[in-house]
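Beneath this line is the structure, given in C-alpha cells, with notes to follow.
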Amino acid sequence: MAGRAAVPEVIWSRPERTGRGPRPAFTRADISAAAVRIADAEGLDAVSMRRVAGELGCGTMSLYNYVPRKEDLYELMMDAVSGEHELWEPSGDWHADLVRVAHQTRALMHRHTWLPRLMSPVYGFSPNALRYLEHCLACLDPYDAPYGTKMELVAMVNGVVATYVANEIATAERTRTLPWSEEQENATRLAYLGRQVASGAYPRLAASFAEDAGPIDLEAVFERALTRVLDGFA
C-alpha cells in the first residue's frame, strides 16, 4: 500500500511537541542546545537524532515527537546560534554598521565552526534569524535603495564572510593534521613556488611577486573584500 504523501511544513508552525502523553520533558531550546554542544565538540557529522536523544537522556523515538526530521534539528541549531547575534541601535552609518555585522558573524562562525556548512536560505527564516535580518535592514535604513537591493547586500556580506571563514577553518583543520609544523610547511611550499616563478614560465606571477613579496595580511584582505562589496552597492 502506498504511503501517505509527504507534506512540506515549517517546524516553527508546529507545536513544541506532538503526540499524546505526559507534559513535555524538553523544550526546543533544550534540544538545540544539546545538538549545538555536540557539533561544537565533534563536528556537524556527529549530530544525529540518536546522539541528541542520548545527550538529553531520552529515547530516539521520543525525540521525533519534538523534531520530526534531522533537517528540522539543523534548523533549531541555526536558530539557536542566530540568537547569539548582538542587536544594537543602528548608528546611522550603514557602511560601518554592516562592517560590524560582518565581524560579528565571522566571530560567530569561529565559535561554531560547523555553521558555514548550514548557511542556506532554507534555514534563514527562523525566529532569531528573522530578528537578525530585521536588524540588518534597520542598519540599512539610511541607504536609499529598494528593499530587494538591501536584501541582496545583506546576502552578499554574509556570503563573503561565510566563504572567508570556511577557508580559515579548512586551513586550520589541515594544519592540525600535519606531521610537521605550519612554519615548515609554508617554507617548503614557498621555496617550491619561488623556483616555479623564477623559471620564466610565469612572467605575470613573477611581476606580481616582485611587486609585493611580503606575507599576505589576511585581516586586511578581509577588510578590503567587505569594503569592495559595500562600496559596490554605494
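Here are the numbers for this structure:
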quantity: All helices (runs of 4 or more DSSP H) inside the range 20-88 with 2 or more residues being within 21 Å of Gln104 (Cα to Cα); calculated: 28-42, 70-82
quantity: Residue match in the range 126-141 (condition: surrounded by 14 or more Cβ atoms within 10 Å (Cβ to Cβ), part of a loop (DSSP other than H, G, I, E, B) and among the aromatic types (Phe, Trp, Tyr)); calculated: no
quantity: Lone unmet requirement of (1) open to solvent by 20 Å² or more (accessible area, probe 1.4 Å); (2) under 25 Å from Gly43 (Cα atoms) for Leu118; calculated: (1)
quantity: Hey, Glu168 open to solvent by 70 Å² or more (accessible area, probe 1.4 Å), closer than 30 Å to Asp40 by Cα and within 27 Å of the chain's Cα centre (by Cα) or not; calculated: no
quantity: Hits in the range 96-115 (condition: farther than 25 Å from Leu76 by Cα and buried (at least 18 other Cβ atoms within 10 Å of the Cβ)); calculated: Asp97, Leu98
quantity: Residue in the range 112-119 that is part of a helix (DSSP H, G or I) and of a type in the set (S, T, N, Q) present; calculated: no
quantity: In the range 199-234, residue surrounded by the most Cβ atoms within 10 Å (Cβ to Cβ) [restricted to those that are more than 33 Å from the chain's Cα centre (by Cα) and hydroxyl-bearing (Ser, Thr, Tyr)]; calculated: Tyr202
quantity: Sole residue being basic (Lys, Arg), touching a residue at least 40 places away in the same chain (Cβ under 8 Å) and either in contact with a Cys (Cβ under 6 Å, 6 or more places away or on another chain) or within 16 Å of Leu87 (Cα to Cα) (or both), chosen from Arg117, Arg100, Arg106; calculated: Arg106
quantity: Test for Val160: is it at pLDDT 95 or above, assigned to a helix (DSSP H, G or I) and closer than 30 Å to Glu71 by Cβ; calculated: no
quantity: Pair list, Cβ under 6 Å, 6 or more apart: the range 205-234 residue without any contact (Cβ under 8 Å) to a residue 60 or more places away in the chain, other residue assigned to a helix (DSSP H, G or I) and surrounded by 10 or more Cβ atoms within 10 Å (Cβ to Cβ); calculated: Leu205/Val197; Ala206/Val197; Phe209/Val197
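Every residue, every condition in (1) more than 19 Å from the chain's Cα centre (by Cα); (2) free of Cβ contacts under 8 Å to residues at least 24 places away in the same chain; (3) open to solvent by 60 Å² or more (accessible area, probe 1.4 Å), yes or no:
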site: Glu16; (1), (2), (3): yes, no, yes
site: Ala25; (1), (2), (3): yes, no, yes
site: Gly43; (1), (2), (3): no, no, no
site: Glu55; (1), (2), (3): yes, yes, yes
site: Asn65; (1), (2), (3): yes, no, no
site: Ala80; (1), (2), (3): no, no, no
site: Glu84; (1), (2), (3): no, no, yes
site: Leu87; (1), (2), (3): no, no, yes
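The values are calculated or read from the model by the stated rules, or taken from the named source; none is laboratory data. What you are looking at is a predicted structure, and each value in this text was computed from that prediction instead of being measured. Cβ: placed from backbone, ideal geometry, glycine included. Neighbour counts: every protein chain shown. Quick note on the areas: whole protein, heavy atoms, side chains included, nothing else; ligands and nucleic acids left out. Shrake-Rupley method; radii C 1.70, N 1.55, O 1.52, S 1.80 Å.
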